[in-house]
Structures are given as C-alpha cells and as structure tokens.
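Student: Before I ask anything, let me first share the structure, which is written out below as structure tokens.
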Amino acid sequence: NKKEGPILEAKTPPPSIWDKKSIDLARIINDKWLLKNKYNLQYGYKALEIYSKMRIFHDKENNALLDLNLEYLNTESQHQLRQFLLLNLALENWHSLDVGNRKFYIDPLDDTVYPIYYDGGSKFLDNKLDYYLYSDDKNNPYAGYMLDESYLEDIYILQKQINNLDMGSLILNLKNRGLAKENLLFLESRFKEVITERLIALEKNIFRNY
C-alpha cells in the first residue's frame, strides 16, 4: 500500500496542432487530495516539476511518444518505468504508449514515480504467436523503436517475475471477467513461454544495436 499522493496525466495539445516542437504539460487529477492541505499543494508543485523533467528533457532524436528522460529520477522510478515500457511492448499495448494515454502516481515519501496502466488496448490475444515489433510488418507506430542497454537488467528482472507468476490466480481472474475459453486455454498453456520469447526478442534487438 502506498501513501496517498498525486496522480498525474498528460495534458497534451489537441492532435490538430501537435507537432514535433510541441511539449506536453501535466495535470493532477485527484484534486481532492491536492486541496486537502498546504503540504499536499506544495508537493503537487514538486510532482509537476518531476513530470516536466521527464518529458521536456527527453531525447529529441528518439520517439517522443515513448521516450522519458530518467536521469532526474531515483533508481526505483527508473526500474518501474523501464519495466512498464517493456511489458507494454511485449503485450502489444500500443495505445497505452501514446503520451496522452499515460498516468503516473508519485510517492510523496521518496519521489518514486509509478506508471499506472489504464488504457492499453492490448493486441496480444489477437496476434498470439505473431509478434511483429521488429519484423518487416510495420502495422504499429513503434515497430522501429530501439531500446538501449539500460533496459537489459529490467528484461532479466521481468523474466524472473514472469517465471514465478501465479497463473492459477491470473486465469481465475480473467475467467471471472468473461474471457473466452479459447484464450484462457492459450494463456494457461503458453503465456509464460510467449512473453519470455518476446522479452528475448527485445534483448536481441538491444545487442544488435549496441
């Protein structure tokens, strides 16, 4: 459990005027927390500063929709954000990678930034064994995105976490949510294997480019 704190989402320009020179701002969406006392308000300003540094100082030569500058963040924030990106790539959650579809919680106790998954639109079960992120098929806007060597450690961390994943609880949860039997059987028998293979594909891409 985390201490109640600011939840931020991007406040981007309308698509009609968005261009490569645009910078996005952020807003704190849990305004009741923000206005509860002066200390929350003061930390709200700090949270907006943390977000701004992540976004404004990103690598202009890289994909601005994905890239965050992690230099100003603590180590745990860097791990959280890298692992979130890796999982979204592996699960084909292209929609959640757009800057306008991301939210963050920032812990007031230590300034750690935690990404919040809420609007992913995963294509994982549509494609199952057909992973085209680094193939010749360019059906997604992130097909040419390259990760650097800083992601290697988090690939290995995720591989261990997936290997230890409680599939029984996951399958039961998805069954209760009404997922089709065909997809439940696939996940039960192949999920760990397929996700691990996709993480390996991301790892190989890093070694090819660095």
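Student: Give the ranking of L165, L86, L25, L152 by solvent-accessible surface, highest area first, calculated with a 1.4 Å probe.
Tutor: Ranked list, largest accessible area first: L25, L165, L152, L86.
Student: Here is a follow-up. In the neighborhood of E49, defined by Cβ-to-Cβ distances under 13 Å, what is the net charge if each Lys or Arg adds +1 and each Asp or Glu adds -1?
Tutor: My count for the surroundings of E49 gives +2.
Student: Another question, if that's okay. Using a 1.4 Å probe on the protein heavy atoms only, what accessible surface does K175 show? Give it in Å² to the nearest 10.
Tutor: It works out to around 130 Å².
Student: Here's something else I'd like to know. Of the listed pairs K2/K36; K103/K160; K3/K38; K32/K53; K2/K103; K123/K192, which have alpha-carbon separations greater than 19 Å here?
Tutor: From K2/K36; K103/K160; K3/K38; K32/K53; K2/K103; K123/K192, over 19 Å: K103/K160; K32/K53.
Student: Roughly speaking, what is the centre-to-centre gap between segment 24-57 and segment 190-210 when only Cα atoms are used, to the nearest Å?
Tutor: Rounded to whole Å, the Cα centres lie 35 Å apart.
Student: What accessible area, in Å² to the nearest ten, does a 1.4 Å probe give for E76?
Tutor: Accessible surface of E76 is approximately 80 Å².
Student: Mind ranking T112, T196, T75 by accessible surface for me, highest first, 1.4 Å probe?
Tutor: T75, T196, T112
Student: Could you calculate the FRET efficiency of K46 with S189 from 1/(1 + (r/R0)^6), where r is the beta carbon distance between them and R0 is 35 Å, rounded to 0.05?
Tutor: It comes out at approximately 0.15.
The values are calculated or read from the model by the stated rules, or taken from the named source; none is laboratory data. Keep in mind it's a predicted model, so treat the numbers as computed, not measured. As a convention, Cβ positions derive from the backbone with ideal geometry for all residues, glycine included, and neighbour counts pool all protein chains shown. Heads up: the accessible areas ignore ligands, DNA and RNA and are worked out on the full protein's heavy atoms, side chains in. Shrake-Rupley method; radii C 1.70, N 1.55, O 1.52, S 1.80 Å.
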